[in-house]
Amino acid sequence: MTSPVDENRRPAALPLLRGQKALVTGANSGIGKATAIGLGRAGADVVVNYVAGKEAADEVVQEIESFGVRAYAYEADVSNEDQVVGMFADMVERFGTIDILVANAGLQRDAASVDMTLAQWQKVLDVNLTGQFLCAREAAKEFVRRGVVPEVSRAAGKIICMSSVHQIIPWAGHANYAASKGGVLMLMQTLAQELAPQGIRVNAVAPGAIRTPINHDAWATPEAEAELLKLVPYRRVGDPEDIADAVTTLASDLMDYVVGATIYVDGGMTLFPGFATGG
Ligand code: NAD
């Protein structure tokens, strides 16, 4: 039996995102996969975007459907304008609208700056920065058209940009990636400023070191992991679910007054850990 005090303090549990429609880019791997599943578990219908790997995307869809919500996989390259426009049009046709965009797709093409080819530079900027712009633009158009639906959410729509601690931490050997994430910070803040008057919340989540395929070499051996953990005051490598939980909360009305913010989910990586003993 629950006590009356507990009942007062804890109203009946409701899925945080019930009735909301979400699209997650790059959702068949790593952080995007965990986030798509997390949003589905919280009650949202989810579009699982992928660019390659249909089978993996279909598995994510199945897992989301097991929560009793709707999901489908959609192939599109986020750096291709026509494909992005087509993906959002398709979502509006099938789900009626969109409430949450998680612009997550990203990649690395690492090289010392003096060796970096224009193709390596351009690819990372195209996917990590232009891809986020294109997806945010299409989502925002639908948010503005539809406006606020109070039964669904206090906001007209939510955009969450997947950034990185490297939006503020320089990263030798990764000039293209760091520049793309620095760009994401200013894109996010500018969109937030521009769209807030229309009830749209734009924010970012900035992961630190998360165990996914993108940084496999950084944690794959005990030696590599020990080296990596020197940069993490909390002394553990993050899991994709750490990011999924932050995104789910940020997308919900629990965070309705959070606009233009970056939530660092990094075990303290942005605390300049070298200064714990030096300086
Ligand atoms: P991942 O490689 O597992 O996932 C990246 C996803 O993006 C994959 O599904 C990939 O297919 C997809 N993708 C790549 N190019 C695409 C395109 N053109 N169109 C659509 N999808 C495309 O890596 P991850 O770690 O899950 O990365 C997800 C995001 O998190 C990225 O934006 C990355 O920069 C960011 N991030 C990751 C970490 C980390 O430690 N893993 C840290 C900071 C930021």
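Does SER113 meet the test of being more than 16 Å from the ligand (Cβ to nearest atom), in contact (Cβ under 8 Å) with a residue 40 or more places away in the chain, at negative phi and in contact with a helix residue (DSSP H, G or I) (Cβ under 7 Å, 6 or more places away or on another chain)?
The answer is yes for SER113.
Select from region 73-131 the residues that are among the β-branched types (Val, Ile, Thr) and under 16 Å from the mean Cα position of the chain (by Cα) and list them in ascending order.
If the condition is that a residue be among the β-branched types (Val, Ile, Thr) and under 16 Å from the mean Cα position of the chain (by Cα), then VAL78, ILE98, ILE100, VAL102, VAL127, THR130 are the ones that fit.
For region 230-244, does any single residue satisfy the condition of being among the small types (Gly, Ala, Ser) and over 21 Å from LEU23 (Cβ atoms)?
yes
Can you tell me which residues in region 241-255 are in contact with a Gly (Cβ under 9 Å, 6 or more places away or on another chain) and touching a residue at least 60 places away in the same chain (Cβ under 8 Å)?
Listed by number, the residues that qualify are GLU241, ILE243, ALA244, ASP245, VAL247, THR248.
Which condition does ARG211 not pass, out of (1) within 10 Å of the ligand (Cβ to nearest atom); (2) under 14 Å from the mean Cα position of the chain (by Cα); (3) charged (D, E, K, R), if it passes all the others?
(2)
Within region 71-79, is even one residue more than 22 Å from ASP239 (Cα to Cα), crowded, with 24+ Cβ neighbours inside 10 Å and of a type outside the set (Gly, Ala, Ser)?
Scanning region 71-79 turns up at least one residue that is more than 22 Å from ASP239 (Cα to Cα), crowded, with 24+ Cβ neighbours inside 10 Å and of a type outside the set (Gly, Ala, Ser).
If you take the residues of region 215-240 that are exposed (fewer than 15 other Cβ atoms within 10 Å of the Cβ) and touching a residue at least 12 places away in the same chain (Cβ under 8 Å), which of them is nearest to ILE169 (Cα to Cα)?
The selected residue is LYS230.
For region 55-70, what are the residues that are within 11 Å of the ligand (Cβ to nearest atom) and either buried (at least 22 other Cβ atoms within 10 Å of the Cβ) or closer than 11 Å to ILE37 by Cβ (or both)?
Once the filter is applied, which keeps residues that are within 11 Å of the ligand (Cβ to nearest atom) and either buried (at least 22 other Cβ atoms within 10 Å of the Cβ) or closer than 11 Å to ILE37 by Cβ (or both), region 55-70 yields ALA57, VAL60.
If you scan region 141-164, which residues turn out to be in contact with a Gly (Cβ under 6 Å, 6 or more places away or on another chain) and buried (at least 20 other Cβ atoms within 10 Å of the Cβ)?
Result: PHE143, ALA155, ALA156.
Consider VAL258 against the criteria (1) in contact with a helix residue (DSSP H, G or I) (Cβ under 9 Å, 6 or more places away or on another chain); (2) closer than 30 Å to ALA156 by Cβ; (3) in contact (Cβ under 8 Å) with a residue 24 or more places away in the chain; (4) surrounded by 16 or more Cβ atoms within 10 Å (Cβ to Cβ): it satisfies all of them except one. Which criterion is unmet?
Of the numbered conditions (1) in contact with a helix residue (DSSP H, G or I) (Cβ under 9 Å, 6 or more places away or on another chain); (2) closer than 30 Å to ALA156 by Cβ; (3) in contact (Cβ under 8 Å) with a residue 24 or more places away in the chain; (4) surrounded by 16 or more Cβ atoms within 10 Å (Cβ to Cβ), the odd one out for VAL258 is (4).
Within region 111-132, which residues are more than 20 Å from VAL85 (Cα to Cα) and buried (at least 22 other Cβ atoms within 10 Å of the Cβ)?
VAL124
Among what's in region 143-196 and is of a type in the set (Phe, Trp, Tyr) and part of a helix (DSSP H, G or I), pick the residue that is farthest from the chain's Cα centre (by Cα).
Ranking the candidates gives PHE143 first.
For region 263-277, what are the residues that are of a type outside the set (Phe, Trp, Tyr), in contact (Cβ under 8 Å) with a residue 60 or more places away in the chain and open to solvent by 40 Å² or more (accessible area, probe 1.4 Å)?
ILE263
Pairs needed: first member in region 134-149, without any contact (Cβ under 8 Å) to a residue 40 or more places away in the chain; second member anywhere, of a type in the set (Asp, Glu) and open to solvent by less than 50 Å² (accessible area, probe 1.4 Å); C-beta distance under 9 Å; at least 6 residues apart or different chains.
Pairs found: VAL149/ASP99.
Pairs only if they're at least six apart or on different chains, beta carbon under 6 angstrom, first in region 45-60 and more than 18 Å from PRO15 (Cβ to Cβ), second open to solvent by 10 Å² or more (accessible area, probe 1.4 Å) and part of a loop (DSSP other than H, G, I, E, B); list them, first residue then second.
TYR50/ASN28; VAL51/ASP77; GLY53/ASN28; ALA56/ASN28; ALA57/ASN28; VAL60/ASN28
The values are calculated or read from the model by the stated rules, or taken from the named source; none is laboratory data. Owing to the predicted nature of the structure, the values given are computational and were not obtained by experimental measurement. Don't worry about glycine lacking a Cβ; one is built from the backbone with ideal geometry, like all the others, and counts go over all protein chains shown. Just the protein is used for accessible areas: all its heavy atoms, side chains included, with ligands, DNA and RNA removed. Shrake-Rupley method; radii C 1.70, N 1.55, O 1.52, S 1.80 Å.
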